[in-house]
Amino acid sequence: MRKIFKLRVIFIFVFMVILSSTLVYSKQPQVSENSPAVDFTLPDIKGKKYTLSSFKGNVVLLNFWATWCPPCRYEVPMLDRIQKEYKNEKFKVVAVSLDSDVNSLKEYLKSVSISFLVLSDSKGSVGYIYNILAIPTSFLIDKKFIVRKIYLGILPEKEFKKDLEKWLKD
């Protein structure tokens, strides 16, 4: 009798743990095309904090990357060119580094010249919210803070510029 009671208690406990974790995960915002971007606040390498929603009214390319990722490093000069080309438009590149070692990020940024904002997500919390499974991954966010396109891998420059032109007009 006691054994059955213990088994019931264990079963109920396991059931409650599974149920609670399911409820927590289901409350996690899901970022997909044509859904609102999820707001966040992260620091740059100097510690100044930026909030994504402060760029509302601009088209934003939100790029997730890391210094140890060769395709990401390959993409950096292209992102810089695009930022410079559209600097007079309502457009911003916001790059979120997923490097866990902020010093590696600082050293890398000393070695390159870039004109776009780089934020540090050393704990990966924003990467988790945006469900980043591979890097680089980029999100085109319109002026109304809606994700319009998700690009997995190296940004296809011609396709991106065509998409960017469309959303700059709206």
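The values are calculated or read from the model by the stated rules, or taken from the named source; none is laboratory data. Given the structure is predicted, the values throughout are model-derived calculations rather than measurements. Here Cβ is always computed from backbone atoms with ideal geometry, including for glycine, and neighbour counts include all displayed protein chains. Calculation scope for accessible area: heavy atoms of the full protein, side chains included, ligands and nucleic acids excluded. Shrake-Rupley method; radii C 1.70, N 1.55, O 1.52, S 1.80 Å.
Please sort by residue number the trypsin sites (Lys or Arg not before Pro) in region 27-62 whose DSSP state is loop and whose Cβ has at most 10 other Cβ atoms within 10 Å.
Here the trypsin sites (Lys or Arg not before Pro) that fit, given the DSSP loop and packing criteria, are LYS27, LYS46, LYS48.
Over 23 Å between Cα atoms, which of LYS87/LYS123; LYS49/LYS158; LYS144/LYS166; LYS48/LYS161; LYS90/LYS166 qualify?
Violating the 23 Å Cα-Cα cut-off are LYS87/LYS123; LYS49/LYS158; LYS48/LYS161.
Limiting things to C-alpha atoms, what are the Rg and the maximum Cα-Cα separation (Dmax) for region 30-169, in angstroms?
For region 30-169, the Cα radius of gyration and maximum Cα-Cα distance read 13.7, 39 Å.
I'd like the carbon and sulfur percentage of the solvent accessible area for region 49-167, probe radius 1.4 Å, heavy atoms only, ligands and nucleic acids excluded.
In region 49-167, the share of accessible area belonging to carbon and sulfur is 53 percent.
What length, rounded to one decimal in nm, is gained on full extension from ASP44 through to LEU168, with 0.36 nm per residue of separation minus their alpha-carbon distance?
Working it through step by step, the gained length comes to 42.0 nm.
How far apart, in nanometres, would the label points at LYS106 and SER32 be if each is projected 7 angstrom from Cα along the Cα-to-Cβ direction?
Spacing of the two 7 Å Cα→Cβ label points: 4.1 nm.
Rounded to the nearest whole Å², what accessible area per residue is found for region 30-169 with the 1.4 Å probe?
52
So how do 125-131, 61-67 stack up, highest first, on mean other-Cβ count within 10 Å?
With the highest mean Cβ count within 10 Å placed first, the list reads 61-67, 125-131.
By per-residue mean of other Cβ atoms within 10 Å, what is the highest-first order of 116-124, 35-43?
Ranked from most to least packed, the peptides come out as 116-124, 35-43.
Could you size up the charge dipole of region 30-169 around its Cα centre, putting +1 on the beta carbon of Lys and Arg and -1 on that of Asp and Glu, and report it in debye to the nearest 20?
Charge dipole of region 30-169: 480 debye, to the nearest 20.
Order the peptides 68-75, 153-160, 91-98 from the highest to the lowest mean number of other Cβ atoms within 10 Å of their residues.
In decreasing order of mean packing, 68-75, 153-160, 91-98 become 91-98, 68-75, 153-160.
Mind listing the phi-derived Karplus ³J(HN,Hα) values for region 146-161, rounded to whole Hz, using 6.51, -1.76 and 1.60 with θ = phi - 60°, and x for any glycine or proline?
10, 6, 9, 7, 10, 10, 9, x, 4, 4, x, 4, 5, 4, 4, 4
Quick query: amide H of ILE146 versus all other amide H atoms, modeled in the peptide plane; which residues come in under 5 Å with a sequence gap of 5 or more or a different chain?
ALA37
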